[in-house]
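Structure record follows, encoded as structure tokens.
The values are calculated or read from the model by the stated rules, or taken from the named source; none is laboratory data. Predicted, not measured: the structure shown is a model, and the values here were computed from it. Note: ideal-geometry Cβ built from the backbone for every residue, glycine included; neighbour counts use all protein chains shown. Quick note on the areas: whole protein, heavy atoms, side chains included, nothing else; ligands and nucleic acids left out. Shrake-Rupley method; radii C 1.70, N 1.55, O 1.52, S 1.80 Å.
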Amino acid sequence: MSSFLKTLRTAPPTALFGMFIITLYIFVAIFAPVIAPYGEREIVDAEFMPWSTEYLLGTDNLGRDMFSRIIYGARNTVGIAVLTTILAFLVGTVLGILAAIRGGWLDQLLGRSVDVLMAIPSLIFKLLLLTIFGTSVLSMVVIIALVDSTRVFRLARAVSMNIVVMDYIEAARLRGDGLWRLITREILPNAAAPLAAEFGLRFCFVFLAISALSFLGLGIKPPTADWGSMVRDNASLISFGDITPLVPAAAIAFLTIGVNFVVDWMLHRASGLKD
């Protein structure tokens, strides 16, 4: 704990701001039912009511409280993005490290398959797969995770290739360490810094992809609160000078900026460069 506090004291203001944003979003996501004045799907008044003391951000196109749905959107959008990113990392990291350790035909097969998948524009590929397999939350999570795992695979393989040629890896093999022990005791600890930074960046890409798909009508389905679909449903208010649709867009932007600030700091610390 003391080492963590010492590290925080050396963090730049941008990293501290990013940590504050991330902590705030996590708090809102966990305690959404307590913070929100109304239910996620509760119709409280007429549609497009203006901002007031009763409805802090007005109501949406169906008469639901926008402030409450923004809060619940933190739980849904961010929670699904975290789950998707974890799945993408599990698949990409395991396959990338295996390709680096085994080499040969397995490395060639996985590497060429990933090259083919990465040659297809990511958003178009996700739209195509969602059209084929359906637009349920499960389909969206699996498809986005598999597509984004190709990027994780490339990084994990590149980092692991530099590690598996080290003397301590050869010494571990000579003393009889198995594949699982090599991965968990030798490779992952030495690859943790770049992979942790990539996790933050990949979360941003996944988070933005989910919001974009929801805006296009292929992401999280109504009546579940989601920031991307909330922008789409209330976009007509912009024509009347109402900035309500910009609130969920700002929620997306602030989290992305906060995560990037923290990731930049982590990369700086991992590089060993001095300020």
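Assess whether SER52 counts as being farther than 30 Å from TRP265 by Cα, of a type outside the set (Phe, Trp, Tyr) and not in a loop (DSSP other than H, G, I, E, B). Against the criterion (farther than 30 Å from TRP265 by Cα, of a type outside the set (Phe, Trp, Tyr) and not in a loop (DSSP other than H, G, I, E, B)), SER52 does not qualify.
Within the stretch 92-111, residues that are touching a residue at least 40 places away in the same chain (Cβ under 8 Å) and within 18 Å of LEU188 (Cα to Cα) sit with their Cβ atoms under 9 Å from residues that are among the polar types (S, T, N, Q) and loosely packed, with under 15 Cβ neighbours inside 10 Å, at 6+ positions apart or across chains, in these pairs: ALA99/GLN108; ALA100/ASN162. Against the definition (part of a helix (DSSP H, G or I) and open to solvent by 60 Å² or more (accessible area, probe 1.4 Å)), how does VAL78 come out, yes or no? No; evaluated as a whole, the condition is false for this residue. Filtering the stretch 56-75 for residues that are in contact (Cβ under 8 Å) with a residue 12 or more places away in the chain, out of contact with any Phe, Trp or Tyr (no Cβ under 6 Å at 6 or more places or on another chain), under 12 Å from MET230 (Cα atoms) and aromatic (Phe, Trp, Tyr) leaves a non-empty set.
Out of curiosity, is THR150 free of Cβ contacts under 8 Å to residues at least 12 places away in the same chain, β-branched (Val, Ile, Thr) and farther than 22 Å from ARG69 by Cβ?
Numbers: free of Cβ contacts under 8 Å to residues at least 12 places away in the same chain: no; β-branched (Val, Ile, Thr): yes; farther than 22 Å from ARG69 by Cβ: yes.
Here the answer is no, as THR150 does not meet what is asked.
Selection of the stretch 27-50 for residues being surrounded by 15 or more Cβ atoms within 10 Å (Cβ to Cβ), in contact (Cβ under 8 Å) with a residue 40 or more places away in the chain and closer than 15 Å to ASN76 by Cα yields VAL28, ALA29, ALA32, GLU40. Note on the stretch 10-49: residues that are assigned to a loop (DSSP other than H, G, I, E, B) and closer than 28 Å to HIS268 by Cβ total 3.
Residue-by-condition table, conditions (1) closer than 30 Å to ILE252 by Cα; (2) among the aliphatic types (A, V, I, L, M); (3) modelled with pLDDT under 85; (4) open to solvent by less than 20 Å² (accessible area, probe 1.4 Å):
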{"residue": "VAL116", "(1), (2), (3), (4)": "no, yes, no, no"}
{"residue": "LYS126", "(1), (2), (3), (4)": "yes, no, no, yes"}
{"residue": "GLY134", "(1), (2), (3), (4)": "yes, no, yes, no"}
{"residue": "ALA145", "(1), (2), (3), (4)": "yes, yes, no, yes"}
{"residue": "ALA172", "(1), (2), (3), (4)": "no, yes, yes, yes"}
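Scanning for something among the polar types (S, T, N, Q), closer than 17 Å to PHE215 by Cβ and either touching a Ser or Thr at 6+ places or on another chain (Cβ under 8 Å) or part of a helix (DSSP H, G or I) (or both), does the stretch 137-149 turn up at least one residue? No, there is no match, as no residue in the stretch 137-149 is among the polar types (S, T, N, Q), closer than 17 Å to PHE215 by Cβ and either touching a Ser or Thr at 6+ places or on another chain (Cβ under 8 Å) or part of a helix (DSSP H, G or I) (or both).
Scanning the stretch 228-258 for residues that are touching a Pro at 6+ places or on another chain (Cβ under 8 Å), part of a helix (DSSP H, G or I) and either open to solvent by less than 40 Å² (accessible area, probe 1.4 Å) or under 21 Å from LEU24 (Cα atoms) (or both) turns up GLY228, SER229, MET230, VAL231, LEU237.
Applying the set (1) surrounded by 14 or more Cβ atoms within 10 Å (Cβ to Cβ); (2) closer than 19 Å to THR85 by Cα; (3) without any contact (Cβ under 8 Å) to a residue 60 or more places away in the chain to ASP177 leaves exactly one unmet item: (2).
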